[in-house]
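Some notes on the structure that comes next.
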Amino acid sequence: MDELHQNQQSDIFCFYWADTAMRSRSVGDVVLSDVVTVPAPTASLVADWDRDMSLRLEMAPGDVEELSLARTRMRWSGYKPCVAAVRNWTLGMGLGEMLESCPVALMACRGARYHHDGEMYGGKVFCNVFLSEDKGLDLLFPAIGRRIPLVRGTAVMFDTCQPHAVVDRRKDGFNVADFSEDRDCSQIFLTWELPVDNANVCKALGIALDVDVANASRATEAQVRVNGIRVGVSQDTGALTPL
């Protein structure tokens with residue numbers, strides 16, 4: 001399958017549902033990241049996460065699954081300081097008190113294959129903070145050449161439509177063999193869903209709204225398009241590919 005390489009000449013648009021209407025937007029090529037100070041999870045909490053991943057979720061390499069946030073909040077006194085650290089980071093970017101009103105979830109991954117989240121979360125951007133120690137993994141955005149080491153406190157905000165993966169630091173792509181059972185390669189992170197139609201969010205990530213109103217009015221499914229062609233992501237290279 002041919003790849004559609006992202007470049008300045010390409011029209012990369014997301015069509016997403018806003019209430020009962022379909023809207024269009026550009027795909028932001030800005031990824032914001034920093035390392036904030038967050039408390040280390042307790043050993044008992046880490047063990048609880050590990051049990052949940054292996055026994056309930058049966059996570060395989062490349063899987064990204066949701067853990068119980070309510071249980072973690074009850075067992076971890078560091079939760080509120082962690083949220084405060086991310087809140088202060090977003091405040092410094094002019095995003096106000098957004099985190100307090102945005103959905104938040106606790107997620108786990110054992111690496112992540114190349115993908116974009118534009119079809120399910122096209123109306124959102126992600127704000128994540130990673131809670132695990134450095135395990136030699138990076139968050140990789142191949143289309144824009146960004147590679148972010150994942151350590152405790154790594155905070156990142158990005159467009160859900162940007163192809164991304166969690167890969168071994170020594171590699172340029174996801175490989176199941178890099179995440180063997182005898183390697184501690186899980187990453188736990190909090191993720192907030194920020195509304196993409198917020199003016200400050202758009203400014204921060206370089207997103208323009210209502211860029212293709214005519215075609216949005218005719219679309220019946222949320223999707224990402226490049227030059228009018230609906231696209232997914234190549235599992236091998238992370239490039240956008242026609243569906």
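The values are calculated or read from the model by the stated rules, or taken from the named source; none is laboratory data. All of these numbers come straight from a predicted model, not from anything done at the bench. Here the Cβ positions follow ideal geometry from the backbone for every residue, glycine too, while neighbour counts run over all protein chains shown.
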| remark: Counted residues in segment 210-228 being among the aliphatic types (A, V, I, L, M) and either under 30 Å from Ala108 (Cα atoms) or surrounded by fewer than 15 Cβ atoms within 10 Å (Cβ to Cβ) (or both) come to 4
| 3 or more residues under 17 Å from Val125 (Cα atoms), touching an Asp or Glu at 6+ places or on another chain (Cβ under 8 Å) and without any contact (Cβ under 8 Å) to a residue 24 or more places away in the chain: qualifying strands (runs of 3 or more DSSP E) within segment 143-243 | none
| Single match in Thr237, Thr220 (criterion: among the polar types (S, T, N, Q), more than 22 Å from Leu99 (Cα to Cα) and within 21 Å of the chain's Cα centre (by Cα)) | Thr237
| message | Restricting to segment 204-243, name every residue that is farther than 20 Å from Thr160 by Cβ and among the hydrophobic types (A, V, I, L, M, F, W, C). | response | Val213, Ala214
| field | Checklist (1) surrounded by fewer than 20 Cβ atoms within 10 Å (Cβ to Cβ); (2) on the phi > 0 side of the Ramachandran plot; (3) not aliphatic (A, V, I, L, M) applied to Asp138, failing item | value | (2)
| query | Out of segment 170-203, which residues are at pLDDT below 95 and among the hydroxyl-bearing types (Ser, Thr, Tyr)? | reply | Ser180
| Any hit, segment 60-78, residues being charged (D, E, K, R) and closer than 22 Å to Val35 by Cβ | no
| Qualifying positions in segment 73-98 - more than 21 Å from Trp49 (Cβ to Cβ) and not hydroxyl-bearing (Ser, Thr, Tyr) | Ala84, Arg87, Asn88, Trp89, Leu91, Gly92, Met93, Gly94, Leu95, Gly96, Glu97, Met98
| From the residues in segment 108-120 that are out of contact with any strand residue (DSSP E or B) (no Cβ under 7 Å at 6 or more places or on another chain) and not basic (Lys, Arg), which one is farthest from Ala165 (Cα to Cα)? | Met120
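Each row is one residue, and each column tells you yes or no for (1) farther than 30 Å from Ala21 by Cβ; (2) under 12 Å from the mean Cα position of the chain (by Cα); (3) at pLDDT 95 or above.
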residue	(1), (2), (3)
Cys82	yes, no, yes
Trp89	yes, no, yes
Cys102	no, no, yes
Ala112	yes, yes, yes
Gly123	no, no, yes
Val129	yes, yes, yes
Leu140	yes, yes, yes
| note | Residue count, segment 59-81, condition more than 30 Å from Asp236 (Cβ to Cβ), in contact with a Leu (Cβ under 7 Å, 6 or more places away or on another chain) and among the hydrophobic types (A, V, I, L, M, F, W, C), comes to 2
| task | Just give me the residues in segment 17-35 being under 20 Å from the mean Cα position of the chain (by Cα) and among the charged types (D, E, K, R), in sequence order. | result | Arg25, Asp29, Asp34
| Failed condition for Arg73, given (1) in contact with a Phe, Trp or Tyr (Cβ under 8 Å, 6 or more places away or on another chain); (2) in contact (Cβ under 8 Å) with a residue 40 or more places away in the chain | (2)
